[in-house]
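No lab work stands behind these numbers, since they all come straight from the coordinates. Being a predicted model, the structure only gives us computed values, none of them experimental. Virtual Cβ from ideal backbone geometry, glycine too; neighbours counted across all protein chains shown.
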Amino acid sequence: MLEPLQIRAHFPALSRTFSGKPFVYFDGPGGTQVTQSCIDGMTHYLTQCNANHGGAFVSAVESDAIVEEAHTAMADFLNARLSSEVFFGQNMTSLTFAFSRAIGKTLNPGDEIIITHLDHDANFSPWRLMAEDRGVKVNVVTVNPADCTLNMSDFTRMLNTNTKLVAFGYASNAVGTINPVKEITRMARSVGALTYIDAVHYAPHGPIDVQDIGCDFLACSPYKFFAPHLGAIYARQDLLESLTAYKVRPADNHAPWKWETGTQSHESLAGLVGTMKYLEWLGETYGQASGHFRSDRSTILHAAMNAIQSHEAVLKVRMLDGLMALPRTRLYGITDHGRLDQRVPTFAIRMEHHTPLQIAQYLAERAIAVWSGNYYALNLTEQLGVEDSGGMVRIGLAHYNTAEEVDRLLNDLSEL
Ligand SMILES: Cc1ncc(COP(=O)(O)O)c(C=O)c1O
């Protein structure tokens, strides 16, 4: 187990109070708090080497080195084969819209894609709109309402030799379900389809190894794993080189630069490098690595994420059991103790007599941050029949949360 005091000391925001109480952050699925090393990285960048790309002078040279380091660190985090297989942008949504246009250029009428109802809309609408533009058929995998898992028989039925792309999530940002990503990727590949995985919600909770998964593309957002507001995409090198990027002419013609349109948020990339230093410390202090990784840092980062996963497994059971014991409360998603490795510690609930927003406001007054609504998992809230009545309350744990915080939330909810 991680030592909470030692972990929390790295996150300055966690010492915040509100109304005389320590503030509790269960809002991680909307964005996590950042480490001191992230803040230091940004401060260093902005005070010492704030410059645009490609200059001959010292601050620009140092700036370029930090940007390069961010790519290498992100490749280590995902265990990409090459650092040029990673590129950054404003956020996952913008990157996916841009990238869907590049992939769409290779598709024609008669081609098909598969997307899912379990996904955040950022991995749904870009593909649907692209398909509309290109005359491509869209197949949508539904969700099993009982446990909020993907309907795999839908997927098997829809997959055929016309399928050119399968876009799906690693984990649901609403109900926490972890999808069988390796199996879906293997099946997609068997018909020659490309795979685009939205790992935004999964990334703070466990290790990601794109080589082991065998996917073609994987998107995530560093601001969901203790770094600044950024989006990142991994893509296979040959695809990054062969696909046409919509770019300005003077920009570099090679990956990853051809995909990074305009000036990036260099200070955020510097912050990401700082966050990776924290994760390295965590991996060295608590982690155990297994598997083959591209570098020593990659091995340590995967050890860190294994340690986070084990730590969260304990908090997950405490929160789950507590929520299940609350009267007049419905918890969505996997609840079976034997299957908890198929969910991350993100819990969606509804309680009788109170709307999700009322519950979020009640907790907010008690210095506890949770989200309510659909959190852009619109297809899911519609399929579950809760969209018109305020969606669900989402309680999202991160590794910096504690058992005491879980108990505080459960106690407040039981008083409600
Ligand atoms: C699962 C998932 N996918 C995509 C997104 C969109 O990410 P971004 O805010 O980086 O565009 C989110 C954001 O909440 C998310 O949770």
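Brief remarks follow.
- Subset of the range 356-387 [among the acidic types (Asp, Glu) and under 25 Å from the mean Cα position of the chain (by Cα)]: Glu382, Glu387
- The listed residue being within 23 Å of Lys224 (Cβ to Cβ), polar (S, T, N, Q) and either without any contact (Cβ under 8 Å) to a residue 24 or more places away in the chain or surrounded by fewer than 18 Cβ atoms within 10 Å (Cβ to Cβ) (or both), out of Gln358, Gln342, Gln383: Gln342
- Strands (runs of 3 or more DSSP E) completely within the range 110-219 that count 2 or more residues being more than 16 Å from the ligand (Cβ to nearest atom) and not basic (Lys, Arg): 112-116, 137-141, 163-169
- Within the range 95-105, being farther than 18 Å from His201 by Cβ and within 15 Å of the ligand (Cβ to nearest atom) holds for Phe97, Ala98, Phe99, Ser100.
- Output for the range 361-376, where each listed residue is in contact (Cβ under 8 Å) with a residue 40 or more places away in the chain and away from the ligand (no atom under 16 Å from the Cβ): Tyr362, Leu363, Glu365, Arg366, Ala367, Ile368
- Where a residue in the range 399-416 is in a loop (DSSP other than H, G, I, E, B) and its partner, wherever it lies, is of a type in the set (Lys, Arg), with Cβ under 7 Å and at least six apart: Tyr400/Arg8
- Restricting attention to the range 75-94 and to residues that are of a type in the set (A, V, I, L, M) and farther than 18 Å from Trp257 by Cβ, the residue that is farthest from the ligand (Cβ to nearest atom) turns out to be Leu78.
- Of all the numbered requirements in (1) out of contact with any His (no Cβ under 8 Å at 6 or more places or on another chain); (2) farther than 29 Å from Met92 by Cα, Arg394 misses one, and that requirement is (2).
- Set side by side, the residues Leu240, Leu230 differ, and just one is within 16 Å of the ligand (Cβ to nearest atom), over 19 Å from Glu312 (Cβ atoms), buried (at least 19 other Cβ atoms within 10 Å of the Cβ) and not β-branched (Val, Ile, Thr), which is Leu230.
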